[in-house]
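Notes for the one structure printed next.
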Amino acid sequence: MLTILSILLFYPTHTMAQVEKKDSVSINEPAPVASPRLSLSSLTDGIVRSIKYTGEEIKKAGAKLNTIDTTYISPNKYNLAFMLEQSSWYEHYRLGSNDGQSLNFAPNINTKLGVYFGWRWIFLGLSFDIKDLIGKGKEKAPRKEIVFNLYSAKFGVDLYYRKTGSDFKLSSYEKFNLSQSYTNTQFNGFQSNIKGLNAYWIFNHKRFSYPAAYSQSTNQRKSCGSLLAGFSYSQHNISFDHTQLPEEMQQQLSSSLKFHSLRYTDYNLSVGYGYNWVFAKNCLLNVSLLPAIAYKKARINDQPTQSGTDWAQWIKDINFDLITRAGITWNNSKYYVGASLVLHTYDYRKPSFSMTNSFGSLRIYMGFNFWKKKEYREKKE
């Protein structure tokens, strides 16, 4: 009874103490802060600020990449350009054996018409094969060419993909004893595709302008040259059906040329020189050569080639390539007309087999620039 009475007497006091303690704690606790609500306007403002900041950073990077000496080069004063172009594509393949026998194949040169729009350094547009336009190329397998060129003051980049059609001809041959001539006969047993990247650095970029010769985005005012260095990567896939050669050629064909596929990857480093000659007012002639040392790994008939077992085996996979460019243009900063040639040559050699393949393009163009940049607009007083 005494225990029960004690519990009953002390229980209200203990409960009141807990309540008082709880109340004192709740009074001292800070009130919860309401989280701010994200409004549509604040989100939109943030996106706009991010876009403006990114644009400013791109402009700063572009300015650094295109710093020039204005006594030698006039900057591009316009934002946009329009251009009409006629381009001709050329290809040539030489297959050779160790006994001097060789076969040379080349397709008919195809000509295209193109319409292009440019922004600063980049040209985008469409081109059409003339044979397709007049309805004479429908029986042949279509060719495909995708090319992207970027020329800035300090560096340039070429991206390309080329797939040949089915209109190759046997252009020439050596070391065959034949009863008749088969030169320029149609040959449907050869096809190829090439994809690759060229990147190169211009050392004297403040006084020497590649864009002046090849993208018409600047003007070279004084003659000047520059040392060039570059890197290139390309993949080559060649298919060859020797059974479509004339019968007597098949009988004499070297065994090393009786393959059905060749695939090789090419890595090269190049060092060369380019020169811009200003031979008259607004007139420019450019020539540049970039010889390259190349490392090639190949598979013939889907089997890897064997160069030997010694430690210097990789040396036998080294060959040489060449990139040639030439351009002539007249440009008064508003209107321009000109022509340019770009030629790639790849050389692949083994003790029993060799192949040299070249492809290039000749462009003739005319166009004009428009929409002056803000800093070059005349201020009206």
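The values are calculated or read from the model by the stated rules, or taken from the named source; none is laboratory data. Values in this document were obtained by computation on a predicted structure and should not be read as measured data. Here the Cβ positions follow ideal geometry from the backbone for every residue, glycine too, while neighbour counts run over all protein chains shown. Keep in mind that these areas ignore ligands, DNA and RNA; they rest on the heavy atoms of the full protein, side chains included. Shrake-Rupley method; radii C 1.70, N 1.55, O 1.52, S 1.80 Å.
Once you've got the Cα coordinates, tell me which of LYS131/LYS163; LYS112/LYS154; LYS334/LYS373; LYS281/LYS334; LYS175/LYS350; LYS112/LYS169 are over 24 Å apart. Flagged as over cut-off: LYS112/LYS154.
Heavy-atom accessible surface of segment 253-371, averaged per residue, reaches 50 Å², computed with a 1.4 Å probe. In this label model, LEU126 and THR185 are separated by 4.1 nm, measuring between points 7 Å along each Cα→Cβ vector. Extension gain, LYS334 to MET249, is 24.9 nm, computed as 0.36 nm per intervening residue step minus the present C-alpha separation. 3J(HN,Hα) couplings calculated from phi for segment 104-119 with the Karplus curve 6.51 cos²θ - 1.76 cosθ + 1.60 (θ = phi - 60°) are, in sequence order, 10, 10, 8, x, 5, 5, 9, 10, 10, 10, x, 10, 9, 10, x, 10 Hz; Gly and Pro show x. Label zone (ASN301, point 7 Å along Cα-to-C-beta; backbone nitrogen cut-off 14 Å) within segment 315-359: 353.
The largest accessible area among LYS131, LYS175 belongs to the first residue in LYS175, LYS131, and the rest follow in falling order (1.4 Å probe, all chains). Scalar couplings 3J(HN,Hα) for segment 224-239, obtained by applying the Karplus form with A = 6.51, B = -1.76, C = 1.60 to θ = phi - 60°, are 6, x, 7, 6, 10, 9, x, 9, 9, 9, 8, 10, 10, 10, 10, 10 Hz; x denotes Gly and Pro. With N as its number of residues, segment 136-256 has a Cα radius of gyration that, divided by 2.2 N^0.38 Å, comes to 1.57.
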